[in-house]
Structure formats: C-alpha cells, structure tokens
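Structure first, commentary second.
The values are calculated or read from the model by the stated rules, or taken from the named source; none is laboratory data. Not measured: the values here are computed from a predicted model. Here the Cβ is made from the backbone with ideal geometry for all residues, glycine too, and neighbour counts use every protein chain on show. The protein model used for the area step is the full one, side chains on, heavy atoms only, and it has no ligands, DNA or RNA in it. Shrake-Rupley method; radii C 1.70, N 1.55, O 1.52, S 1.80 Å.
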Amino acid sequence: MVASCVSIGRGDSPRHATSIASAEKDPFIKTRDGMNVLGLVAFSLALGGVIAKMGEKGRPLADFFNAFNDATMRLVGIVMWYSPIGICFLIAKKVLEMDDLETMFSQLGLYMATVLSGLAIHGFVVLPLIYFVLTRKNPFMFMYNMLQAMLTAFGTSSSSVTLPVALQCLEERNNIDPRVSRFIMPIGATVNMHGTALYEAAAAIFIAQSKGVSDRLGVGDYIIISITATLAAIGAAGIPQAGLLTLVMVLTAVGLEPDVSLIITVDWFLDRFRTMINVWGDCIGAGIVQHLSKKELAEDSARRATSHQNGRVNNGYSEVESERL
C-alpha cells in the first residue's frame, strides 16, 4: 500500500529477450514514479467492505477513518481560503509560459466544445433514450417538468444544493412517489456523477495533448482513464468544482503531471453544465425506478392501508373495553 503511493507498476513484455538473463535485465513488471490511484481505490473499496461486515469489531477502525476524513476536510477548508490568490498566480504563470496565445486559446475553445458536445449527447440523447426504452413515456415532457431543478443546478454548480428543488419537481410535477424520490435522489447527489466522469476523461486527454505526451498513451491508459474517472466521480463531493480535485487522481493514474492550471480558467463555466447533467441523470433514475416499481409500491401502499385500518379497529375495541370497565 505504501509502495502504491509513490510508484506505479505496469506490465511490459521484454524486448529482444533471447535468454533468461536478458529477460531479467528487462523485466516484465516495470515501475515508474507516481501514485497508483486505481490500486488504492480498489484496496479502499475492499477494506471498506470488510470493515462494514465486521460490525462492532470494525467500529474503532471506521471511527478512525471518519475522524481522519473530517480532519482532512478541515485542512482543505483552510486551504480554500487562500486558493484564489494561488489560482491567480498559477494562471499568470501559465499565460507567461505560452509561446502562442492564439493557438492556446483556440485549443481551449475546442476543448470546451468537445466537453459540451459530449454532455449534450449524453444528456439529451442517451439519457432520454434510456428513459423512453424502459418506461415508454415522453422523456422531454419529463425534462420540461424538471426545468427548475436543472436551472438551479446550472446556477449553483452543486448537486447537494439542488436536491430540495429536484425533490419538489419530481414529486409535484412528475408525480414521483416520495418513497422513490427521497431514496434515489440523495444517493444520486453523492455517487451518480456521470457528467463529472465524462468531463474528467476528456480533461485528462486534453491535458496530455497540450503537454505533447498524448502519443505515450496506449489503449490500456485510455481504459485506466475511463475506469479511474468513473471511480473518482463517485467519490466527488456535490459542491462547485469538486471535479478538479478528483481530476488530479485521474492524471496521476496514467503517470501524467497533475497540473490543472490550464483548465481552471474555463472549469467554472463547464462545471455548471456537468452539474446540470448530473442532476438530470439522477431524475431520470428516479423516473425509471418509479416505473419499474409500480407493483411493489402499490402492494406496500395496500399493506400500509390495511395495517392502519386494523390499528383503528383495535383502538376502537380498546375504547369500548375502557368504557365497560
């Protein structure tokens, strides 16, 4: 685990290995400097599952990690107070290093167009298509009823802040059962960050291209970027520009320098769109679960009504017995 924090191991077939001795000089497993983020994430998931199954025996270790997380978040809060000053200097340094400002700004423009196009295809084609196939309902009418929540997400750049508005739109305008919406939406606001995952994958590739090292990335590296971006997005907080923090993990996973100063200048704008897609995806999930769970919801409602009626009858008997006594 300690080694994963400082080096990355990867398989590489020996070239021109004519004997065992030559193969030993050019080993199959090679390491390079950096953090093995994917390995750490996999280990953390496994350890968390084991701690959860241990019950009370694992409580001290769980409390330790919770306290460590709280302390880390407080440190991050302190750093955030000084971050505007540091960001200004990072941007100024990056601008001074540019040989051709026109080319760099055109690259940023193409990067923004790529991210926005991907989010648009995902949000207005893929998600509505999934909703239509599974529910046979008009997804765009569903979207129209969620317009207030999506605009709130665009304005605040926070899934957590948008949660109350999204719940109101789902329950009052789309007639989603509160038992579904109040279960799905809080979970979705925490782990369902598919807009952020799409953005982080595109951002990592753009940073590699801007630094002229994209030719070093192979098929395996692109797969690692996809997997790491998905896992990192799950752990991203529902606050503005949280994707920048997890983007560092994605860059480190493929051995790229974790330098995000170039895209900070446009991230505030793209963050609004990816948050809107995150919230829209959560709402689509709630609508699909509502449709697929109609029978179970009806049975639960009938069971609750019967239980409530029996309770009233028992209370009536109790009142009669009390009067007799």
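Counting residues in the stretch 229-245 that are farther than 22 Å from residue 118 by Cα and of a type outside the set (A, V, I, L, M) gives zero. Checked against (1) among the aromatic types (Phe, Trp, Tyr); (2) over 23 Å from residue 293 (Cβ atoms); (3) exposed (fewer than 15 other Cβ atoms within 10 Å of the Cβ), residue 132 meets all criteria but (2). Taking each residue of the stretch 150-173 that is open to solvent by 40 Å² or more (accessible area, probe 1.4 Å) and looking for partners that are of a type in the set (Lys, Arg) with beta-carbon atoms closer than 6 Å, six or more apart or interchain, yields 154/272. For the stretch 135-149, a tally of residues being closer than 21 Å to residue 292 by Cα and either open to solvent by 80 Å² or more (accessible area, probe 1.4 Å) or among the hydroxyl-bearing types (Ser, Thr, Tyr) (or both) returns 6.
Table: residues versus (1) under 12 Å from the mean Cα position of the chain (by Cα); (2) open to solvent by 10 Å² or more (accessible area, probe 1.4 Å); (3) of a type in the set (Lys, Arg).
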position	(1), (2), (3)
258	no, yes, no
270	no, no, no
283	no, no, no
295	no, yes, yes
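On the given criteria, is residue 32 at pLDDT below 90 and outside any helix (DSSP H, G or I)?
On the way: at pLDDT below 90: yes; outside any helix (DSSP H, G or I): yes.
Criteria met by residue 32.
The set of residues in the stretch 174-188 being buried (at least 21 other Cβ atoms within 10 Å of the Cβ) and under 20 Å from the mean Cα position of the chain (by Cα) consists of 181, 184, 185, 188.
For the stretch 269-288, the criterion of being touching an Asp or Glu at 6+ places or on another chain (Cβ under 8 Å), more than 15 Å from residue 192 (Cα to Cα) and not β-branched (Val, Ile, Thr) is met by no residue.
Sub-6 Å Cβ pairs linking a first residue in the stretch 211-239 that is assigned to a helix (DSSP H, G or I) to a second residue that is acidic (Asp, Glu) and modelled with pLDDT of 80 or more, at least 6 apart or interchain, are 229/200, ordered by first then second residue. Close contacts from the stretch 243-259, counting a first residue that is more than 22 Å from residue 273 (Cβ to Cβ) and a second that is open to solvent by 30 Å² or more (accessible area, probe 1.4 Å) and assigned to a helix (DSSP H, G or I), with Cβ to Cβ under 7 Å and a gap of 6+ residues or different chains, come to 253/38; 253/224; 254/224; 258/248. For the stretch 224-240, the criterion of a residue being at pLDDT 85 or above and surrounded by fewer than 20 Cβ atoms within 10 Å (Cβ to Cβ) is satisfied by at least one position.
Checked against the criterion of being within 19 Å of residue 283 (Cβ to Cβ), in contact (Cβ under 8 Å) with a residue 24 or more places away in the chain and among the hydroxyl-bearing types (Ser, Thr, Tyr), the stretch 127-145 has at least one qualifying residue. Only one of the numbered conditions (1) closer than 20 Å to residue 294 by Cα; (2) exposed (fewer than 13 other Cβ atoms within 10 Å of the Cβ) is violated by residue 93, and that is (1).
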